[in-house]
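To start, the structure under review is shown below, and the notes come after it.
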Amino acid sequence: QVQLVESGGGLVQAGGSLRLSCAASGSTSGFDDMAWYRQAPGRQREFVAIVTSPGVTNYHERVKGRFTISRDSAGHAVYLQMNSLKPEDTAVYYCNARKLVNLYWGQGTQVTVSS
């Protein structure tokens with residue numbers, strides 16, 4: 001059974017940085033697309049960034065230039081480097097991975113940015 005486990009969340013001051021990691025287990029082959037989503041209190045889950053298996057990336061406008069998504073060469077882990085964090089980045093961050101038509105989610109990691 002495929003599992004995604006996020007780590008790296010925490011409390012940081014505005015302007016600071018965090019690096020999120022997501023490791024997959026239970027899959028013998030790499031994933032196609034790997035992405036990060038986030039959900040702030042009282043809001044819907046929203047897309048943050050995605051990296052495809054060839055390495056093409058795309059970002060939500062609000063994080064472009066501040067966040068960088070990357071993946072390992074085997075397609076079993078995805079990372080999110082978050083710089084210049086703002087209080088509005090506070091949310092639970094979820095890892096997402098797709099293999100063919102199958103979609104998997106992690107349990108989430110809390111990121112809190114204080115002003």
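The values are calculated or read from the model by the stated rules, or taken from the named source; none is laboratory data. Predicted, not measured: the structure shown is a model, and the values here were computed from it. Note that we place each Cβ from the backbone using ideal geometry, even for glycine, and neighbour counts take in every protein chain shown. The accessibility values were calculated without ligands, DNA or RNA, using every heavy atom of the protein model including side chains. Shrake-Rupley method; radii C 1.70, N 1.55, O 1.52, S 1.80 Å.
Descriptive notes on the structure:
- Residue count for region 50-71 satisfying the condition of being open to solvent by 70 Å² or more (accessible area, probe 1.4 Å) and either over 21 Å from GLY15 (Cβ atoms) or assigned to a strand (DSSP E or B) (or both): 5.
- Conditions (1) within 17 Å of TYR94 (Cβ to Cβ); (2) touching a Ser or Thr at 6+ places or on another chain (Cβ under 9 Å); number of the one not met by PHE47: (2)
- Pair list, Cβ under 7 Å, 6 or more apart: region 72-86 residue part of a loop (DSSP other than H, G, I, E, B), other residue among the basic types (Lys, Arg) and at pLDDT 95 or above: ASN83/ARG66; SER84/ARG66
- For region 82-115, the candidate set comprises residues that are among the hydroxyl-bearing types (Ser, Thr, Tyr) and farther than 15 Å from LEU11 by Cα; within that set, the residue that is farthest from the chain's Cα centre (by Cα) is TYR104.
- Any hit, region 65-80, residues being at pLDDT 95 or above and touching a Cys at 6+ places or on another chain (Cβ under 6 Å): yes
- All of (1) touching a Leu at 6+ places or on another chain (Cβ under 8 Å); (2) modelled with pLDDT under 95 hold for GLY30 with one exception: (1).
- Filtered residues of region 18-49 (kept if buried (at least 19 other Cβ atoms within 10 Å of the Cβ) and touching a residue at least 40 places away in the same chain (Cβ under 8 Å)): LEU18, LEU20, CYS22, ALA24, PHE31, MET34, ALA35, TRP36, TYR37, ARG38, VAL48
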